[in-house]
Amino acid sequence: MSEPDVDSTSIFSQKTHLPDDTVFYSIYPDFSLNPTTSTATITAELHNLHLQILQTLAPFTTTYIFQHQPFTLTPVLSPLPHLHGRLRFGDNLEDEWFVSFLLFTVSQSFPNLSISLHDSDGQFLLIETAFHLPRWLNPNTSTNRVFIRRGRLYILPPSHFPNIPDLITALKFLSENDNNPDILRATPDAVQLNLEKKIKEYPEKARKNVHGVRIRVPVSVAWVLKHEPCLISLAVGGFYDRDVDSMKFAEKMERFLPNGKEESVVQMFVKMSKTMYAQLMQQTFRPPKCYPRMPLSSDAEAYKEAELGMKIACGFEMVYQLRKRQGGEGKGSTWEVFRGNLERSGYFQGLLPGSVEYKRLVQKADEYYRNSALHSRASDILNAPVRRIDEILALPHSADDFKVQELPPSDDDSWLYYGEDELNAALQERQKEMELFDSKRKRKQKVKEEEDAGPSAYDLGEIANSMQAFVKKMSSYEGAEVPESRDTKDVDFDADRFMKDMESVLRGQCFEDTGNDVDHGESSSSDTDFDDFEDDSDIAEPSEHEEEGGDAFMESYTDALNKELKPTTLDRSFIRANEETLKKDEGISNATEDMEEEFNPVDVDVNLVKSLLDSFSSQQGLPGPASNLLGLMGLQLPEDGKKGK
């Protein structure tokens, strides 16, 4: 296993010792999930898949110039067979997104693969679409949930995995539910659209990221770049990351200026990424004393070409000398090391060396090694630059090899100095995205507050209206209606008989009180009426003036109730209509005030609202009769500190 497996810890951050500016990717084929398949069979299938993927990506990777190292894949047999890779992109974020494009292309070409992708900062694909992620997705719930499959980003939903799934369980779920809409539904459409918009910019954006320029370099440097153009990344990296120790090598230039100032300088055309070009142009560096004479600064074009070439030559020298002193180049890429990895993984299944089956497995491994080497040539060169540079410089070469040639002009580099518009456009796009997210969040928050507060929390008049509707429509003499789910028992109750009994008692009380106020010597019709009323037959048979009798009953009942409450202070606790107007009038006598109270009716709505508010306030935020009754009517009052005015 050439690369350590790194478990994802969150969608936004990786709290592990990962190299900075590095993207990690793993490709898990469905056939690796079958535990009954032999190691040799899985290894052969994995090697075959590896070659197919490299061939599919070759049209995109062969001409692309990576910042530090090319795209590579390494077969890993344990603990789960898969293809693993890592790539350091440094300051060139385009490398990271180009790798993402390559992996999405792989997932489209090979539908039975699940791909995981993250960098040193975490799940950067989710970071890119952070404004559209579901609320349940957070650093504690993201592990083993995010995969690329069939050209889409899959987020395993919590409905299927309430807890964090292990890797194998998640991969099996993906392979078994390719057509399950629930999986796709877990990934918001906005996330898919934003990623597709970003990925569709490639490979065209990758081609635009390449900058061609004329340079003037020593002939040895030109000879190396002519044979291996990919080594430009090492030269620029060596110059840009130089330190005090490496600059000592540039002072002597022993390898690339064997003749010192007498070394021939030739003109050539090279390609590099825009990031590399900016790294060379934006740093001031004086040429070493041993370097050939530079053109006059008055010739701006020639001086620029020579200055770029000088920086590249010094970068080559520093990288070459550092790598040479480190030694051990090429380890990990030889056939012997590859064969040893196969033996340790159990590829040969304990077969005796020299047996027919053993030879067959060796032949297949050798064929795979030679075929994969064709696609990993650039990687091998960058891993072992000293050996390759020595091989190239050992070939005969001279300045005459670069004289007869027509060079294209340098690409326009105005983007380096006038990229403000492009930057502002990118910032404005992000700003719009953030403003859209904020507006959606505020709308959701407002809707939630309205739902929490209820439709009429701040309209006190609606409370009275709702109470009246509740009394008229939801209640009767049979009682208030309750939800059907409640466990209720039927009550045997004769409402008509009860009302007539109550009428008999109250009317009798009313006439008894009235008789005390009159002269006993007078003969009144009330006695006759009272005697008639006591006749049971009158109760059983309805009167022909029943409606008028009902009104008389209510009037007498109200008069009796008012008389009973008159000596108390209860009537003063009610708010009467036009009470505020009366209070403002000065000089009113007590008799007038009593008269006004008698003719001034009680404001039922105001008293109702006041009583409900007082009752609700006394609950102090706890459940109680007022909140329960209002909730039954579909109303919910705000807290005391949030009451509307």
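The values are calculated or read from the model by the stated rules, or taken from the named source; none is laboratory data. Just so we're clear, the structure is a prediction, and the values are computed from it rather than from any experiment. Every residue, glycine among them, receives a Cβ derived from its backbone with ideal geometry; neighbour counts consider all protein chains shown. All accessible areas refer to the heavy atoms of the entire protein, side chains included, with ligands and DNA or RNA removed. Shrake-Rupley method; radii C 1.70, N 1.55, O 1.52, S 1.80 Å.
Under the simplified labelling scheme, the N424-Y369 pair shows an inter-label distance of 5.9 nm, with each label point 7 Å from Cα along Cα→Cβ.
Normalised by 2.2 N^0.38 Å, where N is the number of residues, the alpha-carbon radius of gyration of segment 357-402 equals 1.77.
With R₀ set to 22 Å, the beta-carbon distance separating R377 from Q282 gives a calculated FRET efficiency near 0.10. When each of the peptides 238-251, 355-368, 109-122 is scored by how many other beta carbons lie within 10 Å of its residues on average, the order from highest to lowest is 109-122, 238-251, 355-368. For segment 169-199, trypsin sites (Lys or Arg not before Pro) are listed when DSSP marks them as loop and at most 11 other Cβ atoms sit within 10 Å of their Cβ; the list is empty.
For segment 15-129, the pair-distance distribution built from all alpha carbon pairs, in bins 10 Å wide starting at 0, is 13, 44, 33, 10, 0 percent. Cross-link pairs exceeding 19 Å in C-alpha to C-alpha distance, out of K248/K324; K289/K324; K226/K248; K274/K304, comprise K289/K324; K226/K248.
Placing a pseudo-label 7 Å from each Cα along the Cα-to-Cβ vector at K444 and E196 gives an inter-label distance of 2.2 nm. With a simple spin-label model that places each label point 7 Å from the Cα along the Cα-to-Cβ direction, the separation between M554 and K205 comes to 7.7 nm. The packing ranking, built from the mean of other Cβ atoms within 10 Å per residue, places the peptides 125-133, 84-92, 554-562 in the order 84-92, 125-133, 554-562, highest first. Compactness ratio for segment 84-159: Cα radius of gyration over 2.2 N^0.38 Å (N = residue count) comes to 1.13.
If you take all other residues with their beta carbon under 13 Å from the beta carbon of D91, and give Lys and Arg +1 and Asp and Glu -1, the sum is -4.
Normalised by the number of residues in segment 149-258, the average gap of Cα pairs under 8 Å and 6 or more apart makes the relative contact order 26 percent. Eigen-decomposition of the gyration tensor built on the alpha-carbon atoms of segment 215-316 gives equivalent ellipsoid semi-axes of 17, 16, 15 angstrom, largest listed first. Based on protein heavy atoms only, segment 146-250 ends up with 44 Å² per residue of surface accessible to a 1.4 Å probe.
Protection proxy ranking, highest mean first, for peptides 404-417, 312-325: 312-325, 404-417, where packing is the per-residue count of other beta-carbon atoms within 10 Å, averaged.
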